[in-house]
């Protein structure tokens, strides 16, 4: 599989393709044309053909795409065919919400530990996994093969935490704290920042500009 | 302020500018050059100048940008200078996490109601707001001026819920359910979908392709 020269924009669309194809599979759909996929995804059919050609082009003239095959191939490209062990640091509402989201397990993200600084939470279980204290993380990481840490802790402590996690072997950070970690981790450590407030601001922008347009008409 | 012809890509970057400028303000920084902003945001300086020129260009040669002024102007463009009333539908962990996030209030998103279908939660308060039952939503919306509904309910019920909310006057949906609502709401209703699993898949892709590259070296 040749993945050279795939643009970031295409990579960004792959999870969406994967999600849509998953929905089609659930609905029992076995094959789909780029036109149908286009309508469902609100992306042009030629864009879809172009995107999927990046990965060797799984479509066949007059047949369309085999949904299961495409789903599996995109899953492989996304690394969803291997198991990644994950811990969650920060067992507040958001941390617990993510811990309870079983779909992550289905896609190969196996939750192996949850940590918090609040002694009240010690031993409380989320989905069968007892919350442990944050100062036990280094020992835990020495004894367990963990690649991903999800950070649902306050902004103030997240840089030091990221630093400690990376020193103890964490390879990827899924960061919900309101700061970007990209600049503070060494090269080769993967950072994916989730900024929920930015999403709300986009909503606000769209709402406001729609209302302004209505007034001007 | 002329907002015509602003590309979606620019709009997408505005919340990031706003967040960075907010951090600078907190740190007491009064002015910043596009070069400094560029380094912090990992966007080229010419990109920053180009982006901000879209809004009349607030920079001055040899002085840079006035942080407070730029922050306020971008806030206005994003509609953050007016108050938007919001409800949360779904008071599970994720709904409660969002309800507890006070920064939203600071930016003009005022939480006025939380709803759930689970009778066990009736009357339980989150940040002083009692959880109400979902069947009371139509009456609530008739008596309160609410623009935004945050949807933290399962995928299975989200389409019907969106339909009911829109019929009762909701103008914007902030959707966390794992399905896109864009196709099911009427024109003019704003939808912002948050797909956390797609973010995790991007992380997985980056982690996997980094590891593949290491092996090939």
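The values are calculated or read from the model by the stated rules, or taken from the named source; none is laboratory data. Only a predicted model underlies this, so the values are computations on that prediction, with no experimental measurement involved. Virtual Cβ from ideal backbone geometry, glycine too; neighbours counted across all protein chains shown.
Might you let me know whether the stretch B:144-158 holds any residue that is surrounded by 13 or more Cβ atoms within 10 Å (Cβ to Cβ) and more than 14 Å from chain A (Cβ to nearest Cβ)?
Yes, the stretch B:144-158 contains a residue that is surrounded by 13 or more Cβ atoms within 10 Å (Cβ to Cβ) and more than 14 Å from chain A (Cβ to nearest Cβ).
Would you mind finding the one in B:12, B:4 that is modelled with pLDDT under 85, in contact with a helix residue (DSSP H, G or I) (Cβ under 9 Å, 6 or more places away or on another chain) and surrounded by fewer than 15 Cβ atoms within 10 Å (Cβ to Cβ)?
After ruling out the rest, the residue left standing is B:12.
Sort out which residues of the stretch A:93-111 are more than 7 Å from every other protein chain (Cβ to nearest Cβ), in a loop (DSSP other than H, G, I, E, B) and under 17 Å from residue B:92 (Cβ atoms), and write them in order of number.
Once the filter is applied, which keeps residues that are more than 7 Å from every other protein chain (Cβ to nearest Cβ), in a loop (DSSP other than H, G, I, E, B) and under 17 Å from residue B:92 (Cβ atoms), the stretch A:93-111 yields A:101, A:102.
Here is a yes/no grid of residues against (1) more than 7 Å from every other protein chain (Cβ to nearest Cβ); (2) in contact with a strand residue (DSSP E or B) (Cβ under 9 Å, 6 or more places away or on another chain); (3) not in a strand (DSSP E or B):
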| site | (1), (2), (3) |
| --- | --- |
| A:160 | yes, no, yes |
| A:165 | yes, yes, yes |
| A:180 | yes, yes, yes |
| A:186 | yes, no, yes |
| A:200 | no, yes, yes |
| A:209 | no, no, yes |
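Look through the stretch B:46-71, keep the residues that are within 23 Å of the chain's Cα centre (by Cα) and part of a loop (DSSP other than H, G, I, E, B), and return whichever of them is modelled with the highest pLDDT.
Ranking the candidates gives B:54 first.
Looking at the stretch A:176-187 only, could you name the residues that are farther than 23 Å from residue B:102 by Cα and modelled with pLDDT under 90?
Answer for the stretch A:176-187, where residues must be farther than 23 Å from residue B:102 by Cα and modelled with pLDDT under 90: A:182, A:183, A:184, A:187.
Please tell me if residue A:89 is farther than 28 Å from residue A:148 by Cβ, at pLDDT 90 or above and either crowded, with 17+ Cβ neighbours inside 10 Å or touching a helix residue (DSSP H, G or I) at 6+ places or on another chain (Cβ under 7 Å) (or both).
no
Would you mind telling me which numbered condition in (1) in the same structural domain as residue B:168 (by TED's automatic domain parsing); (2) touching a strand residue (DSSP E or B) at 6+ places or on another chain (Cβ under 8 Å) residue B:106 fails?
It fails just one condition, (2).
From B:131, B:114, B:74, grab the single residue that is under 17 Å from the mean Cα position of the chain (by Cα), more than 9 Å from chain A (Cβ to nearest Cβ) and not in a loop (DSSP other than H, G, I, E, B).
B:74
Does any residue of the stretch B:29-45 turn out to be at pLDDT 85 or above, assigned to a strand (DSSP E or B), buried (at least 16 other Cβ atoms within 10 Å of the Cβ) and more than 10 Å from chain A (Cβ to nearest Cβ)?
yes
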